[in-house]
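What follows is calculated from the coordinates using simple rules that are stated; it is not laboratory data. Keep in mind the model is a prediction, meaning the values are calculated, not measured. Using ideal geometry, Cβ is built from the backbone for each residue, glycine included, and neighbour counts are taken over all protein chains shown.
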Amino acid sequence: MKVKNLGLLLAALATLLWLVPFAWMAVASMRPDVSGVLDLASLFPHGPFGWSNYVNAWKSGRFPLWYVNTILLCGGILAVQAVTVSLAGYAFARLKFRGRGTVFTLFLLQLLLPPAVLVVPNLLMITNLGLFDSLAGIAAPYCASAFGVFLMRQTFRAIPRDFEDAAAVDGATRLQVIWHILIPLARPGLAAFAVVSITSHWNEFLWPLMAVSQPTSQVLTVGLASFTRGAESGGEWGTIAAGTALVAAPLLVGFLFFQRRFVSSLVFSGLK
């Protein structure tokens, strides 16, 4: 019990440390900019409070456009990835072919590559395809996901083969088995991958910054960076905090609502 209590105490301390930046962001975004000075006193919840910083941030930045671009980007990437990771995960989980384990191991080596290493090859690729400076160009390198393939492989392996055998006896093709039998049963795994995919691409900064130069194609992270540079020169820390909250709030709210489903999905897929 003592070890368990110590673990709970350490987890509580880690949670408090993790909450400090969010607490500062929430308090600073609700306080008017009276001094233009960033100090630790802003961590303490003393008034007056208001929504003026959010109004200023919304008017100063192009948040509606950035939201639309980011939602289209994340939704488009997820739609394509759902197809590619499901088919590849099925192939590695069910099909038997020579060198399957080796191919799968080599495929997972992508997880070891730092994203910055792939910037130049990806830029050359989207430029040759005529996709530079577009949302499609940002999405192109993410059409497949090594983590998604691994997750779906684990999910499919956790599903008994009896369902597939019964469908095959009834004359179902392989694609029909995948679409009508396995995909519905693998929804928890797909849900977990959807959370990971949306979170990672919502927060992606380096690649959208390199792949887009037109302001009309910017996403939230890149738009926030340009917005912050202008507000920082005037010491408008409350406005900066409000803009940051506008970017982070959708993910925080979504995770709070779906955190139980996310954890249960990872447990279902067999990940520790």
* So what is the relative contact order of segment 62-269, in percent, for Cα pairs below 8 Å that sit 6 or more residues apart? -> 32 percent
* Go through 111-119, 204-212, 157-165 and give me the packing order, highest mean Cβ count within 10 Å leading. => 204-212, 157-165, 111-119
* Structure fact -> A chain fully extended from residue 103 to residue 71 at 0.36 nm per residue, minus the present Cα-Cα distance, gains in nm 8.2 nm
* Hey, what D do you get for the chain in µm²/s if you plug the Kirkwood alpha-carbon radius into Stokes-Einstein at 20 °C and 1.002 mPa s? -> 99 µm²/s
* Residues 127, 15, 239 arranged by fewest to most Cβ contacts within 10 Å -> 15, 127, 239
* Top of 137, 50, 89 by mean-square fluctuation, Gaussian network on the chain, Cα under 10 Å -> 50
* Structure fact -> In degrees, nearest 10, the alpha-carbon axis of helix 220-233 is tilted away from the dominant principal axis of the alpha carbons of the chain by 20 degrees
* Where q = 0.16, 0.22, 0.27, 0.29 Å⁻¹, what log10 of I(q)/I(0) comes from the Debye formula for segment 90-160, counting one point per Cα? -> -0.71, -0.96, -1.16, -1.26
* Where in segment 50-135 are there trypsin sites (Lys or Arg not before Pro) that are in a DSSP coil and have at most 10 other Cβ atoms within 10 angstrom of their Cβ? -> 96, 98
* To do: Counting other beta carbons within 10 Å of each Cβ, put 24, 237, 18 in order, fewest first.
  => 18, 24, 237
* Of the options 117, 177, 240, report the single residue whose Cα projects farthest towards the positive end of the charge dipole of segment 62-269 (beta-carbon charges: Lys, Arg +1; Asp, Glu -1). => 177
* Would you calculate a helix-derived [θ] at 222 nm for the chain, using -39,500 (n - 2.57) for each DSSP H run of n ≥ 4 and dividing by the full residue count, to the nearest 500? => -22500 deg cm²/dmol
* Asked: Nearest 20 debye, what's the magnitude of the dipole of segment 62-269 about its Cα centre given +1 on Lys and Arg Cβ and -1 on Asp and Glu Cβ?
  -> 600 debye
* How do 217, 52, 29 line up, fewest other C-beta atoms within 10 Å first? -> 52, 217, 29
